[in-house]
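Reviewing the structure listed below.
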Amino acid sequence: MSDASKPIAMLASAVAPRAKPSTYPEPFASRMTGREKRQLGDVFGLKNFGVNLTRLAPGAMSALRHAHSRQDEFVYILAGAPTLVTDEGETLLGPGMCAGFAAGAGNGHHLVNRSADEVVYLEIGDRGAGDSASYPDDDIQAVLDASGHWQFLHKDGRPY
């Protein structure tokens, strides 16, 4: 998209949902059923950080529980009551609440919608090169390659 064709401003709900629900390989991708991401930062050509408007249907989760080596992450809850699951345990969140995860801290985290209502939140993360992600609950690890795509491996290094 050229700079001339990028919008100055727009309604977040007008951004099309991401076509592929998950970049995880199976059997993990199907666990992301009920999650919808609208990549707001991409619409404006942002390169240094990403911003997603994410919706979780009842029973859905944001991601596998994970921690990044080089990427800071931040979430801000707009609607609903997700459960934040971290190494410390579980915390019920609500509208107006936020949480942040510093790069390299190793604190595995994700959101789970255990309520009967939809959850809507903003997620923001940087796009620094050389990032990797660990997944404490699953046999998977991820490395961000030079082209900005995630490569997924078993914990013993075998590719998926």
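Straight-line reach from Lys20: taking Cα to Cα under 14 Å and skipping same-chain neighbours fewer than 8 places apart, the aspartates and glutamates in range are Glu36. Annotation: aspartates and glutamates with alpha-carbon distance below 14 angstrom to Lys155 (same-chain offsets under eight excluded): Asp137, Asp138, Asp139. In this structure, the amide hydrogen of Asp131, modeled 1.01 Å from its nitrogen in the peptide plane, lies closer than 5 angstrom to those of Leu144, counting only residues at least 5 positions away or on a different chain. Karplus-derived 3J(HN,Hα) values for the range 29-37, using 6.51 cos²θ - 1.76 cosθ + 1.60 with θ = phi - 60°, are 4, 5, 6, 8, 4, x, 10, 10, 10 Hz; glycine and proline are entered as x.
Over all directions, what mean area does the Cα convex hull of the range 18-81 project, stated in square nanometres?
Details: hull surface 21.2 nm².
Average projection, Cα convex hull of the range 18-81: 5.3 nm².
Which value, in debye to the nearest 20, describes the size of the charge dipole of the chain about its Cα centre when Lys and Arg Cβ atoms bear +1, Asp and Glu Cβ atoms bear -1, and nothing else is charged? Please report the intermediate quantities before stating the final value.
Details: 15 positive and 19 negative charges, 92 e Å.
Its charge dipole is roughly 440 debye.
Exactly which trypsin sites (Lys or Arg not before Pro) in the range 31-77 are in a DSSP loop and have at most 14 other Cβ atoms within 10 Å?
In loop regions of the range 31-77 (DSSP not H, G, I, E or B), the sparsely surrounded trypsin sites (Lys or Arg not before Pro) are Lys47.
For the range 144-158, 3J(HN,Hα) computed residue by residue from phi via the Karplus equation (6.51, -1.76, 1.60; θ = phi - 60°) reads 7, 7, 4, 8, x, 9, 7, 10, 9, 9, 5, 5, 8, x, 5 Hz, glycine and proline entered as x. Can you give me the C-alpha center-to-center distance between the range 124-151 and the range 28-60, rounded to a whole angstrom? Computed from Cα coordinates, the inter-centre distance equals 15 Å. The residue list Pro17, Ala105, Met61 was ranked by how far each Cα lies along the charge dipole of the chain toward its positive end, using unit charges on Cβ atoms, and Pro17 comes out on top. Taking every alpha-carbon pair within the chain, the share separated by more than 19 Å comes to 57 percent.
Less than 5 angstrom separates the built amide H of Met97 from those of Ile77, all sequence-distant by 5 or more or on a different chain.
Can you tell me the FRET efficiency between Thr91 and Asp138 if r is taken as the Cβ-Cβ distance and R0 is 22 Å, rounded to the nearest 0.05?
Working: r = 21 Å, r/R0 = 0.96.
With R0 = 22 Å, the Cβ-Cβ based efficiency is 0.55.
Here is how the number arises for the chain: DSSP H runs of 4 or more residues each give -39500 (n - 2.57), the sum is divided by the residue count, and the result at 222 nm is -500 deg cm²/dmol.
No value in this document is a laboratory result; all are computed from the given coordinates. The model shown is predicted, which means the values in this text are computed figures rather than measured ones. For neighbour counting, all protein chains shown are included, and Cβ atoms are generated from backbone atoms with ideal geometry for every residue, glycine included.
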